[in-house]
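The values are calculated or read from the model by the stated rules, or taken from the named source; none is laboratory data. On a predicted model such as this, the values are computed, not experimentally measured, just so you know. Here the Cβ positions follow ideal geometry from the backbone for every residue, glycine too, while neighbour counts run over all protein chains shown. Protein only, heavy atoms only, side chains kept; ligands, DNA and RNA dropped before computing areas. Shrake-Rupley method; radii C 1.70, N 1.55, O 1.52, S 1.80 Å.
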Amino acid sequence: MSFDPVFTFGTIAAAALIGLGVSNAIDGTSARSRVPAAAAELVALKPGSFEHPQPGEFLRDNHPAPAPVAKETIDAPLEIMKFQVTASDYDRCVSDGACKPADSSIVGNVPVTGVSFLDAQAYANWLSAKTDETWRLPTDVEWAYAAGERFRADIEGDGDSANPARRWLAQYRNEAALGRQADPEPRPLGAFGTNSKGVADIAGNVWEWTSTCYAHVTMSSDGVARSLGNCGVHVVEGFHRTYMSNFIRDGKSGGCAVGTPPDNLGFRLVHGRAGLLQAALRRLGLT
């Protein structure tokens, strides 16, 4: 009697995942009680494509230029935390000695704030080791895809591109027109509701770190002539997109590219299903 090794492997893998309590659903959320609260509830997004304004600073003829819009594709199901990592979750990493205490006195079931890119990376590494899975910060593209209708790109000035002062003034005017109000204290989970994709509190009063580096791009008539990346600065997403140095924990202390600084800096993570599958197979003694 013959058998299909691909089918057998897939069946065993599926059984392993089911045994670990992981949902196969592509839409909705899955509860997983063995990990910190923010990681226990994920939103799984189907693959898809969308038009996305590119992050970074763009110059044409040595003058600021609008960010080009590119078609981006998420080519595999994307699992992202429904909520931001909470202060309680982050404190578990601090207790284990893997994370530095946050620059915030707020505790409990609210988003952790007062954390830098370096802190967020440390937490992702700790959670990956803790769960034997893969957890990481989302890219700018992944975050925008998850944000859906709540995504807002860089605030650009529509003034004289040859006059930086006028352009900056135009950027501030455009931001003021959005009607954002100061909101310094992080709110409880769910305070900002969910978007059309089921992701909660996205683009609320907590800006979120991403893994995308800042880029300084020179444009030509044919497109990008030169791009210089700076991974000492990363894209931060929230009410609008901005950029922060990796060590900044409080946006109001500096590092914001333009406009009113973020109220709070926090993060949520993407879950790597491949890492989960490998963990399941290891537990079954198959790798």
All positions within segment 124-138 that are over 16 Å from VAL199 (Cα atoms) and not aliphatic (A, V, I, L, M) = ASN125, TRP126, SER128, LYS130, THR131, ASP132, GLU133, THR134, TRP135, ARG136
Could you tell me which of the residues THR113, THR134 is of a type in the set (S, T, N, Q) and under 27 Å from PRO47 (Cα atoms)?
-> THR134
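Just to confirm my filter: which strands (runs of 3 or more DSSP E) fall fully inside segment 44-108 and include at least 3 residues that are open to solvent by 20 Å² or more (accessible area, probe 1.4 Å)?
Ranges flagged: 48-53, 57-60, 69-74.
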Kindly indicate the residue of segment 114-142 that is open to solvent by 50 Å² or more (accessible area, probe 1.4 Å) and touching a residue at least 60 places away in the same chain (Cβ under 8 Å) and also nearest to ILE74 (Cα to Cα) among those meeting that condition.
-> ARG136
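For residues that are assigned to a loop (DSSP other than H, G, I, E, B) and not polar (S, T, N, Q), tally how many sit in segment 109-121.
4
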Please determine, by comparing only the residues of segment 210-239 that are closer than 23 Å to PRO186 by Cβ and open to solvent by less than 20 Å² (accessible area, probe 1.4 Å), which one is nearest to the chain's Cα centre (by Cα).
-> THR210
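So which of PRO101, PRO111 is free of Cβ contacts under 8 Å to residues at least 12 places away in the same chain, closer than 21 Å to ASN246 by Cα and either in contact with a strand residue (DSSP E or B) (Cβ under 9 Å, 6 or more places away or on another chain) or not charged (D, E, K, R) (or both)?
On inspection, the qualifying residue turns out to be PRO101.
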Counting only residues that are open to solvent by less than 50 Å² (accessible area, probe 1.4 Å) and over 17 Å from ALA39 (Cβ atoms), segment 144-155 contains a total of 8
Just to be sure, is TRP207 of a type outside the set (Ser, Thr, Tyr), surrounded by 15 or more Cβ atoms within 10 Å (Cβ to Cβ) and at pLDDT 80 or above?
-> yes
Within segment 200-238, residues being closer than 21 Å to PHE267 by Cβ and of a type in the set (S, T, N, Q) number 5
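Could you list, in sequence order, all residues of segment 240-256 that are surrounded by fewer than 21 Cβ atoms within 10 Å (Cβ to Cβ) and either at pLDDT 90 or above or assigned to a loop (DSSP other than H, G, I, E, B) (or both)?
SER245, ASN246, PHE247, ARG249, ASP250, GLY254, CYS256
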GLY259 passes all but one of (1) modelled with pLDDT of 75 or more; (2) open to solvent by 10 Å² or more (accessible area, probe 1.4 Å); which number fails?
-> (1)
